Structures are given as structure tokens and as C-alpha cells.
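What follows is one structure encoded as C-alpha cells, with my remarks underneath.
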Amino acid sequence: MVTAVAQRLAAQRREINDTLARLSLSSENLQQVKDKMRVELERGLRKDSHSTASVKMLPSFVYRTPNGTERGKYLALDLGGTNFRVLVVKIRSGIRKSVRMYNKIYAIPLEIMQGTGEELFDHIVQCISDFLDYMGMKNTRLPLGFTFSFPCRQTGIDKGSLVSWTKGFKATDCEGNDVVEMLREAIKRRNEFDLDIVAVVNDTVGTMMTCAYEDPKCEIGLIAGTGSNVCYMEEMRNIEMVEGDEGQMCVNTEWGGFGENDCIEDIRTRFDREVDEGSLNNGKQRFEKMTSGMYLGEIVRQILIDLTRRGLLFRGHITEPLKTRGIFETKFLSQIERYRVVRAILQQLGLDSTCDDSIIVKEVCGTVSRRAAQLCGAGMAAIVDKIRENRGRNQMNITVGVDGTLYKLHPHFSRILKDTVKALAPQCDVEFVLSEDGSGKGAALITAVAQKQVTLRTLMDIMKRFRRELGNGLCSDTNPTATVKMLPTFVRSIPDGSEKGDFIALDLGGSAFRILRVKVSHEKKQTVQMESQIYDTPEDIIHGSGTRLFDHVAECLGDFMEKQNIKDKKLSVGFTFSFPCAQTKLNESYLLTWTKRFKASGVEGMDIVTLLNKAIKKRGDYDADIMAVVNDTVGTMMTCGFDDQRCEVGIIIGTGTNACYMEELRHIDLVEGDEGRMCINTEWGAFGDDGMLEDIRTEFDREIDRGSLNPGKQLFEKMVSGMYIGELVRLILVKMAKEGFLFEGRITPELLTKGKFETKHVSSIEKSKEGLTKAKDILGRLGMEPSADDCIAVQHICTIVSHRSANLIAATLGGILSRLKDNKGNPRLRTTVGIDGSLYKMHPQYARRLHKTVRRLVPESDVRFLLSESGSSKGAAMVTAVAYRLADHGKRRTVEMHNKIYAIPMEVMQGTGEEVSTFGSFL
Ligand code: G6P
Ligand code: G6P
Ligand code: BGC
Ligand code: BGC
């Protein structure tokens, strides 16, 4: 009798062992899983096999992990795990680098998870609305990062169409649609608040980013929770589904789909098949169904039913609870394995068990979860080895950021996972770091990173707009309405080394009015000698009558000639006049409109050569021959062209801003002739005067414009140039102080005074070492008593304003460079840009930022930036030398002969400035 019982028990034991043995994986099994996973990873990455690969390897458009420079306040949504959460995340950079968040969990009822797409998204938006109310943030339009933990085919960081629902979701009309669009539409339907949805992010990617924020070695994200998935940083060259070979991109593997092509049927059991058949997505996510929290309990239940049916458990009674799908939650698995509470839990589930039963149930749980951990380990081994091989390394250290209830709550899962990775990928030293804050923080970090990408995209867009304006300005049909006037300069080449002579240069329009003597001699080689003097231009003169202004210029010139002892000579004069002028020849130049600080009456529409000649004649104490008028950009290009023959662009980033470049004559409708090139003064400062930049202009830009001498004009200039940068910062400081974000809300009359915060202060405050001390000094001089926090904030504001300026200039310069490149028809552009101007020269970061952004915007170029060491006057002298030579040989007229002369009606020349600028298209 006893032996019979013992035999029966032994037989039962064997049966149980046999059953569980099918779920136990040998090292060979695991090695094979690793190898097959590797094959599928590769197939997913390749174009030819992508469509049939079971591991989809979806590009995430996240190009890098955080580097600590991210900052800002973001909203994040986190949908697809156990909880749906709405969060607000505040990221600080620099020494006080930190991430703070606040979140609220919302329920998503089953009928909504499996209802219509519209209901689901309306529900999400309703939760956001509640959250915004709760936080009192309804009116702040924050950027939003959307953690959406389902497979999405992304075409950009903010575009992702749902491939298929997984886990417990099955809302209709969503698959194949863009989830960002669906969210936007739901926000529109509610019509209560607005948000900028900047990024859509898989939870694996969010988790990787969260962990990478602390540990730069983190380049993999793993979720072992309700679902199962991994992402990692892959080399762009291997991601055939995305163009480009440089750098890396994070790939969302969607390894949960592994096996959908039957490649792991050998290890799937009938329990797995039962679970699959009972799921919302039969046949799909086969690997996920063997490894993740949503299904492990179900596998256990299927095994228990089988064992019971065979009389090996629960005395052979299949009770109602046992028949109930989903009753065996994964958290029970964790509890059963963690504590000696099997019977209590079974009882709680309504399963009446014996002592033996509970031992068996515990074994079943152990087997199922062990297999899950091992399978994840095998998959992970494939990933880390792939990364190691990508980098051609024998050995590699790497960190995996992990999240998910299974990983966090199960007592053995993480250990078994790690052991498996160690055994199967011995050349990798893999550290697993638990994400403490979920992927919401990562989504916010991605949003911060993505905003930088948005900046680049915006700049690309502005570059395109500017290029269009360049074309419009050149074409006679569109020139009348073009803002960028593209003024011909009659300068046809940069210095060729043959120029010589003794010249006077006048330089009016920058921060200083200078007169120079420039001697170009040709003993062994060409040398230039210069002597200069700065003269005052008091405000009452530059805002007075034109006659007075030119009398002043003539007086200063007389003084200079006297000091130089050349009053009896009739020297040739080159006049750098840094304002938009319509030229008909080198020495006939009609001022279209004053800009910057100048506003002398009766000059707009007039030829400034005539005005100056008149003033000189009136004096009668010396004589001068004004040979050429050049814009400062042209002078700068020529100055730099003297040292570098490749120079074909001149830009000024000083009090004002502008650029000139060498354009093909055949493209310049406004000048006759098709051969060769001519320098065009773009007058890009007026870009945006037709409303083209309204989307990026801020309230501060508008305020600056309103308070300026030329409202509605030079709108681009007012966003970027030295005359306005300090004032922009001041206006922001005032607003922030008024709102209580700065200086404890205190504002002194000095800070309220226009012009008190100068652009040179911005340059000082942005110095890396002493910047904060400078901020304290400068604010102190304005009567403020800034705290350390205030100083940091002020420095930050300066950076934002100056960085924006450098970026915008990069966009317009990029437009010119890309045009030059197309003109030349070469795949790569090699060129030199001559630069001058106080902002560019004095600001500690400006040049570096500008160069960097230009390179990113026009990648197929090698651009040398050459600072003009001697202002634009040397260049003006060069132009004068050419004019002189031509005149000298009686050929001066040829300069004119090549040009088409247009009549300027008298009433326009002497009318208001406005008429002239409308007519400015006459050239
Ligand atoms: C993180 C994320 C969730 C994610 C979850 C997975 O915390 O924030 O979006 O889906 O981990 O875990 P669970 O176990 O909840 O599915
Ligand atoms: C050069 C020129 C000036 C020009 C200036 C711009 O040095 O010689 O004519 O206007 O740069 O710089 P600023 O910062 O003085 O406006
Ligand atoms: C989804 C993945 C997600 C994972 C973990 C899976 O069902 O397909 O996109 O990362 O669950 O939440
Ligand atoms: C003027 C340009 C000049 C630029 C830089 C602008 O305000 O319109 O002609 O080149 O300032 O000085």
C-alpha cells in the first residue's frame, strides 16, 4: 500500500517534472536564442529584409543621450505601462544640473483601452486638462514629450504611426495613424489649452535617457514590465531605413515580436500557444508573451489547469477561479517566490490547496519566471555583442537602464537575467541600473534635446526663406516687393594685388566715424600703410539736418588733411558709408533709408557723393575726389580679399548687420551684362520687413521695434545686431523682474531706462570665468542687488539672446553660402567669409557659435571665417585704387558703360525715405 502510494507520487512527480522540463532551457537553447535574435536584429536593420523581420528595429530619431546641457520645463505623458501618468518635469543644467518632477496617475478604464481611438485620446486630454488645472498651468504652453509604449514607426522625433497595439490596448482606428496627430486633434477638439508636442518616445528610449542622464555609459534601455522591449544606440550606417551614415541613433528593437516568423517554435510550449490564443493579438508579440508581466501569470495558470486536469494538482478539481483568465497576476508570481505565502495567495484567489499543491505551484512559478529572465538575458546578450562588434572591440563596458514591474518586483528575475548575459556575452561587462523615475523624465530630456533639433529645423527653414528672398531681390519682377534689396555695388572682383596709390578713406556708420590715410605701395610686394583718426558724431548732428551732417564730415576731413599736411593735394577718397544705398556707379550712391542710430533729414533719396562734394566746395579750403562709395560689408570683403583671394562674402555683425557676396552677373537682372560677377550688397537687415519672420519674433522684438528710429524697418537687424542685443536683454530682465522671477521683483529706475544695458555688457557677462562677477558688477551699477541665483539667470538670458543672434545670422549666411555653392555647381563649397563688427569681435562665444551652426546648416562646405583686422577702410581704398586706375587711363567711363543706368525721378530722390525704399527696386 505504502509502496503503491510512493510509486504513484513518484510517477506524479515525474509527470510534473516532465511538464516543467519543457519550460527549462539548456545553455544550448539559450545560445540559439541569442544567435537567432542577432539574425533578426540584423534583418530588421536591413532594407531588403526589414518588412519580413520579426524584430522591427524602429528608428527613434533620438541621436544622442543627454549631456547635461538640457534645461527647461516640460510636460510629459506616460502611456502604456501599468499606470498612465501626466508629469511636469523641470530640468536644470550646468553646476546645478538636476531634474525635478511632479506627476499624477490617472486610470484608464478597460472600456476606453478597448473602445474607439477618439475616446481614448479624448480621455488622455481630459486627464491632461485636469493635471494642468491642478498645477495652475493652463495658460502656459509647455513643450510636451509623449512616452507612448507601443511600436511606432517614426519619421521624425514628433511623428510616429502606431504599428499595432500590444499588451492590453485595442482601441479602434489607431493602428496606422500618427499618434501625435491624434493627440493634437483631441487637444483641438477640447479647445481649452494648447501644447507643443515635441517628441514621441518609446518607454525603452525614455528609460535609457533617464539613466544616461546620470551615467553616460548607458546606451541601452530595457523594459521588463507589463510588456518587454529593448532599445540601444546603433550606428547610423547600419540603420538602412534612415538616410545618413554619420553618428548614431537609438533604435527601438520591439523585440517583443521576436518569433512571429516561427523561428522560436522549438522552445514555445503548448502553454505559450494557449496564452497567445487567448490574447488580444493572437500570433503577435510571441517573445513578449514568454517574457513579460502581462503574460507570465497566464502561463502559470495554463500549466496549473493542465496539471489539475491530469489530476496532479488541486485534487483534480478545475474550479471557477482557475478558469478565470487573468486571475493569476504577475505580482502574485513575485509574491509567491518572495515569501512563504503560497497557500495564502492561492486561498485569496479562491484556490483551495494542499501543502503539496503549494510546493508545485511555487515550482511552476519559478520555472516560468526563470525562463522569462533567461530569454531576456539571451536577447540582451545578442544586443551587447552587436554593440561591441559595431565598435570593433574585444571587450566592452556598457550600462543598461532598466524599468518595469517585473524587473523591480520579482525577487530573482534580475539576478537570472544578469547571470545569463554574463554567460552568453562574456566579452561584455554589463551593468544594469534601475530607472528610479520611470521614462517620463527621459521623455522630458528627449524633448529638451529635440527642441534643439527643432531649433536646427527652424534655422533650416529660415535659411530657405532667406534664399528665396535673395532670389526675389535679384529678379526684376519680384524686386519691388522683396525685402532684401540686393543692391549692385559695381565692384567686380576682389583685389588682385596690382592696386597702388595714396588714398583717403572715410568710414561712417559703425560705432565710430573714422578718417584714414591708406598708402598702398608696390616695392617688392604690395604693402599697405594706414593712419587713422576717430572723430565724434554727436547725436544732435546725426539726428539734425543732412547739410549739417555733411558739413561736419567735410570739416573733419579738412582737419585730417591738415594734420596730414596734404591740404594742398587732391587725393582720391573712398567713402565707406554703412547704410543701404542704391548705386548707379561707383561714385554715385543714393541713400535709400537711414538705419541704426542715424536720422539726419534731407538725405534719404539723395546722392551722398553730391552732398559731400557740396559741403567740401562750400568750405573751399581743400579739394577731394570722391572716387568710390562702398558699403562696410563690401569694404570688409575687399579688406579680407587682400589677404585671401578666396574671400567672396563680407559680413558685418556690429552696430548693424549686413552681408555682401559675389553674384554671377547673369543672375543680376538689374544690371546689364552676363559675363563675370559683381558684388551684391544684400541689405539683409531688412529681411522680415514684410512679416516673413513674424513666427519667430517675440514681444521683446516688437517692443524694440516700436521704440526705434525706424519702426517697421530692419526687423532682422533688430533681432541680431549690437545696437539691439543689450536692449533685448534689458527688456527681458524687466519683464522677469516684474513677474517676480528675478531680483525679488525689485526694479531700479536705471534698469527701466532704455539703453542702460549695453551689448558690451552682454559680452562681459557671458565670459566663462568672470561672467557671474561681471553680472553682479554691471547690475550693481544699475542700482540692483542681484543674488547669486539672479546672476546665473541673467547670464542665461544673455546667452539665449546672443545665441539666437548667432543662429539667425548663421541661417542667413547659410542661405548665401548655399546659393554660392549652387552658382558654382561644385559638390563642395570652399570659400572665405570676411567678417567685421563689434558684436562678433568682442563677444566671447559668438564666433564659435556662428561657425558651428553654419557648418551644421551647410555641411557640404569648408568655410574659412577671416576677421578683418583693419576695418573696411583698407577695402574701400582698394576699390578706390581700381576706380582711380580706370579713371587714370581715361577708362573710367567703362565702369559705367557696362552698367545699365536707370533714371531716378526727382520727386523720388528728394521725396520721403519711404517712397525711396519702395522705389529702391529701381536698380
Ligand atoms: C516605466 C515607464 C512606463 C513603462 C513602464 C514599464 O516606468 O514610465 O511608461 O511602460 O516603466 O513598466 P510596467 O511594468 O508598468 O509596464
Ligand atoms: C568696420 C567698418 C565700419 C563698420 C564696422 C561695423 O570696422 O570699418 O564701417 O560699420 O566695422 O562695426 P561696428 O561694430 O562698429 O558697427
Ligand atoms: C511594446 C513596446 C514597449 C514594451 C514595454 C511592448 O508591448 O510593444 O513598445 O516598449 O511593451 O512597455
Ligand atoms: C545697414 C547696412 C550696413 C550694416 C552694418 C545696416 O544697418 O543698413 O548698410 O552694412 O548696418 O553696418
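The values are calculated or read from the model by the stated rules, or taken from the named source; none is laboratory data. Just so it is clear, the model here is predicted, and its values are computed rather than measured. Cβ sites come from the backbone with ideal geometry, for glycine too, and all protein chains shown count toward neighbours.
Would you check if there is a residue in segment 244-262 being under 16 Å from Phe328 (Cα atoms) and more than 35 Å from the chain's Cα centre (by Cα)?
No, because not a single residue in segment 244-262 is under 16 Å from Phe328 (Cα atoms) and more than 35 Å from the chain's Cα centre (by Cα).
Taking into account only those residues within segment 697-726 that are in contact with a helix residue (DSSP H, G or I) (Cβ under 7 Å, 6 or more places away or on another chain) and β-branched (Val, Ile, Thr), which is farthest from Tyr846 (Cα to Cα)?
Ile704
Out of Met37, Met101, Met113, Met57, which single residue is surrounded by 14 or more Cβ atoms within 10 Å (Cβ to Cβ) and touching a His at 6+ places or on another chain (Cβ under 9 Å)?
Working: Met37 fails: touching a His at 6+ places or on another chain (Cβ under 9 Å); Met101 fails: touching a His at 6+ places or on another chain (Cβ under 9 Å); Met113 fails: touching a His at 6+ places or on another chain (Cβ under 9 Å).
After ruling out the rest, the residue left standing is Met57.
Are there any helices (runs of 4 or more DSSP H) wholly within segment 399-518 with 2 or more residues that are out of contact with any helix residue (DSSP H, G or I) (no Cβ under 9 Å at 6 or more places or on another chain) and either within 30 Å of Val384 (Cα to Cα) or away from ligand 4 (no atom under 16 Å from the Cβ) (or both), and if so which? Show your work before the answer.
Values: elements: 405-409, 413-424, 440-474.
The helices (runs of 4 or more DSSP H) meeting that bar are 440-474.
Specify which of the listed residues (Glu531, Glu431, Glu523, Glu539) is modelled with pLDDT under 90 and either at negative phi or in contact with a Phe, Trp or Tyr (Cβ under 8 Å, 6 or more places away or on another chain) (or both).
When all the criteria are applied, what remains is Glu523.
Tell me whether segment 348-368 contains one or more residues that are more than 30 Å from Leu9 (Cβ to Cβ), of a type in the set (Val, Ile, Thr) and touching a Leu at 6+ places or on another chain (Cβ under 8 Å).
Step one: of segment 348-368, the residues more than 30 Å from Leu9 (Cβ to Cβ) are none.
Taking every residue of segment 348-368 in turn, none turns out to be more than 30 Å from Leu9 (Cβ to Cβ), of a type in the set (Val, Ile, Thr) and touching a Leu at 6+ places or on another chain (Cβ under 8 Å).
Among the numbered criteria (1) within 21 Å of Ala381 (Cβ to Cβ); (2) within 12 Å of ligand 3 (Cβ to nearest atom); (3) in contact with an Asp or Glu (Cβ under 9 Å, 6 or more places away or on another chain), which one does Asn252 miss?
(3)
Filter segment 708-745 for residues that are assigned to a loop (DSSP other than H, G, I, E, B) and closer than 15 Å to His796 by Cα and give the result.
Applying the first criterion (assigned to a loop (DSSP other than H, G, I, E, B)) to segment 708-745 yields 708-714, 721, 739-742.
Phe741, Leu742 - these are the residues of segment 708-745 that are assigned to a loop (DSSP other than H, G, I, E, B) and closer than 15 Å to His796 by Cα.
Being at pLDDT 95 or above and touching a Gly at 6+ places or on another chain (Cβ under 7 Å) is the filter here; which residues of segment 231-252 pass it?
Residue satisfying the conditions is Cys231 alone.
Can you give me the number of residues within segment 594-633 that are within 25 Å of Asp689 (Cα to Cα), touching a Gly at 6+ places or on another chain (Cβ under 8 Å) and either part of a helix (DSSP H, G or I) or more than 16 Å from ligand 2 (Cβ to nearest atom) (or both)?
Qualifying residue count for the region: 9.
Out of everything in segment 153-183 that is in a loop (DSSP other than H, G, I, E, B) and without any contact (Cβ under 8 Å) to a residue 24 or more places away in the chain, what residue ends up being nearest to the chain's Cα centre (by Cα)? Don't jump to the end; show me each part of the working.
Filtering segment 153-183 down to residues in a loop (DSSP other than H, G, I, E, B) leaves 157-158, 163-171, 173-177.
Those still in the list that are without any contact (Cβ under 8 Å) to a residue 24 or more places away in the chain too: 175-176.
Working: Glu175: 29, Gly176: 28 Å.
My answer is Gly176.
Matching residues to (1) more than 16 Å from ligand 4 (Cβ to nearest atom); (2) under 18 Å from Ser872 (Cβ atoms):
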site	(1), (2)
Pro538	yes, no
Val553	yes, yes
Gly558	yes, no
Lys563	yes, no
Leu571	yes, no
Pro580	no, yes
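Pairs only if they're at least six apart or on different chains, beta carbon under 9 angstrom, first in segment 216-237 and part of a loop (DSSP other than H, G, I, E, B), second aliphatic (A, V, I, L, M); list them, first residue then second.
Between residues of segment 216-237 that are part of a loop (DSSP other than H, G, I, E, B) and residues that are aliphatic (A, V, I, L, M), the close pairs are Lys217/Ile398; Gly225/Met294; Gly225/Leu406; Thr226/Met294; Thr226/Leu406; Gly227/Met294.
Only residues that are buried (at least 19 other Cβ atoms within 10 Å of the Cβ) and among the aliphatic types (A, V, I, L, M): list them for segment 756-792, please.
Residues satisfying the conditions are Val762, Ile765, Ala775, Ile778, Leu779, Leu782, Met784.
Say we look at segment 281-315 and pick out the residues that are in contact with a helix residue (DSSP H, G or I) (Cβ under 6 Å, 6 or more places away or on another chain) and small (Gly, Ala, Ser); which of these is surrounded by the most Cβ atoms within 10 Å (Cβ to Cβ)?
Gly293
For segment 534-549, state whether one or more residues are closer than 25 Å to Gly641 by Cα and away from ligand 1 (no atom under 16 Å from the Cβ).
Of all residues in segment 534-549, those closer than 25 Å to Gly641 by Cα come to 534.
Imposing the further condition that a residue be away from ligand 1 (no atom under 16 Å from the Cβ) reduces the set to 534.
Checked against the condition, which is being closer than 25 Å to Gly641 by Cα and away from ligand 1 (no atom under 16 Å from the Cβ), segment 534-549 yields at least one hit.
Which one is modelled with the highest pLDDT, of the residues in segment 141-195 that are closer than 14 Å to Leu75 by Cα and surrounded by fewer than 14 Cβ atoms within 10 Å (Cβ to Cβ)?
Asp194
When you go through (1) away from ligand 4 (no atom under 16 Å from the Cβ); (2) buried (at least 21 other Cβ atoms within 10 Å of the Cβ); (3) of a type in the set (D, E, K, R); (4) closer than 19 Å to Thr759 by Cβ one by one for Glu703, which number turns out not to apply?
It fails just one condition, (2).
Just to be sure I understand the filter: pairs with C-beta atoms under 6 Å, separated by 6 or more residues or on different chains, first member in segment 58-81 and at positive phi, second member within 15 Å of ligand 1 (Cβ to nearest atom) and part of a loop (DSSP other than H, G, I, E, B). Which pairs pass?
Gly80/Ser149; Gly80/Phe150
Would it be correct to say that Glu192 is among the acidic types (Asp, Glu), in a loop (DSSP other than H, G, I, E, B), over 23 Å from the mean Cα position of the chain (by Cα) and under 26 Å from Gly440 (Cβ atoms)?
Numbers: among the acidic types (Asp, Glu): yes; in a loop (DSSP other than H, G, I, E, B): yes; over 23 Å from the mean Cα position of the chain (by Cα): yes; under 26 Å from Gly440 (Cβ atoms): yes.
Taking the combined requirement at face value, the residue satisfies it.
Which residues, counting only those in segment 573-589, are touching a Leu at 6+ places or on another chain (Cβ under 9 Å) and not aliphatic (A, V, I, L, M)?
The answer is Gly574, Phe575, Thr576, Phe577, Ser578, Phe579, Pro580, Cys581, Gln583, Thr584.
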